[in-house]
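Note sheet for the following structure.
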Amino acid sequence: MEEAPRPPFRNRILAGLPEEVLERLRPALEPVELKLGQVVAEPNRPIGHVVFPEEGIVSIVAVMLDGSAVETATVGSDGMAGLAVFLGAGSMAGEMFVQVPGHGHRMAADVLRAEVSGGGVLFDLLGRYAQALFTMLSQSSACNRKHPLDARCARWLLLTHDRVDGDAFHLTHLILSQMLGVRRATVSEAAGRLQAAGLIEYSRGRLTILDRPGLERVSCECYAIIRSEFARLVEGVEWPSPLDGA
């Protein structure tokens with residue numbers, strides 16, 4: 001009996017690999033469920049596995065001594081959680097946890113190190129992804145300093161929408177407040193304004209994007225800058241940037 005064709009990967013890093021590389025790596029790619037709140041990596045602890053999300057989002061957060069946390073970046077089907085392994089560090093000061101549940105594949109850190117040790121396609125893909133993620137980190141930092149909360153909230157929702165399947169996803173005001181680094185009551189007010197404008201709908205921990213073009217108009221330029229870099233570096237397509245000609 002002829003073997004049924006394997007479904008294509010939704011993760012852009014895995015989907016960008018030649019078939020011969022994928023065939024070599026498939027035995028090391030373990031399907032994994034990404035459960036809400038699941039810790040993927042702890043601060044300053046060795047990262048045993050990297051994760052390639054197919055659906056769902058892993059959040060990278062900076063943890064403070066008082067136990068609070070602020071998001072610095074998100075990883076979805078566009079990338080890999082555990083970039084420190086690729087960069088030769090093996091651990092990181094921040095924490096990674098599942099922000100939006102889903103599924104993906106994980107690979108032992110030692111396997112990834114061996115695969116990229118001599119360069120190759122995966123090395124190149126992760127190198128470009130690292131540059132895109134650095135843009136997200138730096139632009140988000142500047143955004144949190146310069147722009148009003150409603151614009152920052154719209155930027156975060158757009159980036160999340162890009163990385164989930166469909167227009168609705170699980171989200172609590174507590175998580176959103178951690179992601180934006182503000183009090184829960186403050187982010188509730190911002191989300192309420194976006195809902196009153198007909199841009200989103202929020203009910204019982206589930207948020208739905210109703211008007212994406214409207215949300216893009218509310219967002220600052222930071223979303224478009226980040227989106228442009230991910231398109232160029234990860235997807236290999238040109239995307240207009242607000243910085244063009246600046």
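The values are calculated or read from the model by the stated rules, or taken from the named source; none is laboratory data. This one's a predicted model, so the numbers in the text were calculated from it and none came from an experiment. Glycine gets a Cβ as well: all are built from the backbone with ideal geometry, and neighbour counts include every protein chain shown. The area values use the complete protein model at the heavy-atom level, side chains included, leaving out ligands, DNA and RNA. Shrake-Rupley method; radii C 1.70, N 1.55, O 1.52, S 1.80 Å.
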Residues other than GLY94 with Cβ under 10 Å of its Cβ, Lys/Arg counted +1 and Asp/Glu -1, net out at -3
Measuring from its Cα centre, the chain shows a charge dipole (+1 at each Lys and Arg Cβ, -1 at each Asp and Glu Cβ) which, in debye to the nearest 20, is 800 debye
If unit charges are put on Cβ atoms (+1 for Lys and Arg, -1 for Asp and Glu) and the dipole of segment 52-134 is taken about its Cα centre, the option from LEU133, VAL85, MET64 lying farthest towards the positive end turns out to be VAL85
Order by accessible surface, 1.4 Å probe, largest leading, for residues VAL32, VAL237 comes to VAL237, VAL32
Computed about the Cα centre, the charge dipole of segment 14-81 from +1 Lys/Arg and -1 Asp/Glu charges at the Cβ has a magnitude in debye, to the nearest 20, of 200 debye
The summed charge of the ASP165 Cβ neighbourhood (under 10 Å; Lys/Arg +1, Asp/Glu -1) stands at -1
Quick calc, GLU235 & ARG24: beta-carbon distance into FRET formula, R0 22 Å, rounding 0.05, result 0.40
Under the 7 Å Cα-to-Cβ spin-label approximation, SER117 and ARG204 lie apart by a distance in nanometres of 5.2 nm
Note on segment 1-144: contact order normalised by length, alpha-carbon pairs under 8 Å, 6 or more apart, percent, works out to 31 percent
Relative contact order in percent for the chain (Cα pairs under 8 Å, 6+ apart) equals 20 percent
Loop-resident trypsin sites (Lys or Arg not before Pro) in segment 146-246 with no more than 12 other Cβ atoms inside 10 Å, DSSP not H/G/I/E/B, are ARG183, ARG204
Rounded to the nearest 10 Å², the accessible area of HIS49 using a 1.4 Å probe with every protein chain kept is 60 Å²
Once the dipole of the chain is set up from charges on Cβ (+1 Lys and Arg, -1 Asp and Glu), the residue from the list SER177, HIS49, GLN99 lying farthest towards its positive end is SER177
GluC sites (Glu not before Pro) in segment 135-244 lying in a DSSP loop, each with at most 11 other Cβ atoms within 10 Å of its Cβ, come to GLU238
Amide H proximity to ASP165 below 5 Å, modelled H, separation 5+ or other chain, gives GLY56
Note: the chain at 37 °C, 0.692 mPa s; Kirkwood Rh on alpha carbon pairs; Stokes-Einstein D in µm²/s works out to 175 µm²/s
Residue by residue through segment 142-152, the couplings from Karplus 6.51 cos²θ - 1.76 cosθ + 1.60 with θ = phi - 60°, in Hz, x for Gly and Pro, are 5, 4, 5, 8, 9, 10, x, 4, 4, 5, 5
Under 5 Å from the placed amide H of VAL40, counting only residues 5+ away or on other chains, we find MET96, PHE97, VAL98
Cα pairs beyond 21 Å in segment 1-130, in percent, come to 38 percent
Under the 7 Å Cα-to-Cβ spin-label approximation, VAL63 and SER141 lie apart by a distance in nanometres of 2.1 nm
Taking a crude spin-label model, label points 7 Å out from Cα along the C-beta direction, the ALA168 to THR186 distance in nm is 3.1 nm
Ordered by number, the GluC sites (Glu not before Pro) in segment 1-101 that occupy a DSSP loop and have at most 14 other Cβ atoms within 10 Å are GLU2, GLU3
Given unit charges at Cβ for Lys, Arg (+) and Asp, Glu (-), the dipole magnitude of segment 120-246 about its Cα centre in debye, nearest 20, is 540 debye
At q = 0.15, 0.19, 0.23, 0.28 1/Å the base-10 log of I(q)/I(0) from the Debye formula over the alpha-carbon atoms of segment 82-147 is -0.63, -0.94, -1.17, -1.29
